[in-house]
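Take a look at the structure set out below.
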Amino acid sequence: MLQFLLTLTNDESDQSKIEYIYNKYHDHMMKYAISKLMSMGRQNYTYDAEDAVQNAFIKIVKNIHKFDFNRDEKSIKNYSFTILTNEIYTLTKFKDDFLELDESMFESSQHGILEEICIKDEYDNVVQAIENLSEIYSSTLFLAYCEGMSTNEIAKFMSVSTQTVYARLKRAKLYLLDYLREHKAK
């Protein structure tokens, strides 16, 4: 996988950073992902863990410029594991939503099929808006609304103040509203 990741960038300094993170954290990230997925009761936790770690490293490569190698090692590790945690929950949420969608298509519903498609389209727009957010804002939203963490818990988890969490949530919501308004007009 490392060879593949290195082909995603031509910058040699980025390649050395990617190689460093991969060699330093890959095994720990696999163990963490397997443990997390096992505790969630996933049957194919090993395969899901491999998918989550691979997706996390692809995001790390895409965002390698956001890593500050001049700071302490802890910030690099925290950023890497935050990306991995988001990938684990995205992976499990997507698979769960996919199963729910399949079952709901065959059940009678109070909405017509066109209404269901419109709802799905709006959902896709929200997901797209969240994906366009920077990692800081998307992680904060994810922890607050998908994980149900309080602002104090998020602050501890991300090693920031609660005021920073409030500010990130507010900015993320404003960005999402602007994005959705802009794309609804199109």
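Worth pointing out:
- Qualifying residue in the stretch 52-65 (condition: at pLDDT below 75 and surrounded by fewer than 18 Cβ atoms within 10 Å (Cβ to Cβ)): no
- The number of residues in the stretch 148-181 being exposed (fewer than 15 other Cβ atoms within 10 Å of the Cβ) and under 16 Å from the mean Cα position of the chain (by Cα) comes to 1.
- Filter pass, Thr7 being hydroxyl-bearing (Ser, Thr, Tyr), over 24 Å from Met158 (Cβ atoms) and either buried (at least 16 other Cβ atoms within 10 Å of the Cβ) or not assigned by TED's automatic domain parsing to the domain that holds Thr140 (or both): yes
- Every condition in (1) closer than 26 Å to Thr140 by Cβ; (2) surrounded by fewer than 13 Cβ atoms within 10 Å (Cβ to Cβ); (3) in contact (Cβ under 8 Å) with a residue 24 or more places away in the chain is met by Met1 except one, and the failing one is (1).
- Candidate set from the stretch 14-69 (those that are outside any helix (DSSP H, G or I) and in contact with a helix residue (DSSP H, G or I) (Cβ under 8 Å, 6 or more places away or on another chain)); member that is nearest to Leu2 (Cα to Cα): Asn63
- Test: residue in the stretch 37-46 that is buried (at least 17 other Cβ atoms within 10 Å of the Cβ), closer than 17 Å to Asn86 by Cα, in contact with a Lys or Arg (Cβ under 9 Å, 6 or more places away or on another chain) and of a type in the set (A, V, I, L, M, F, W, C): no
The values are calculated or read from the model by the stated rules, or taken from the named source; none is laboratory data. Predicted, not measured: the structure shown is a model, and the values here were computed from it. Don't worry about glycine lacking a Cβ; one is built from the backbone with ideal geometry, like all the others, and counts go over all protein chains shown.
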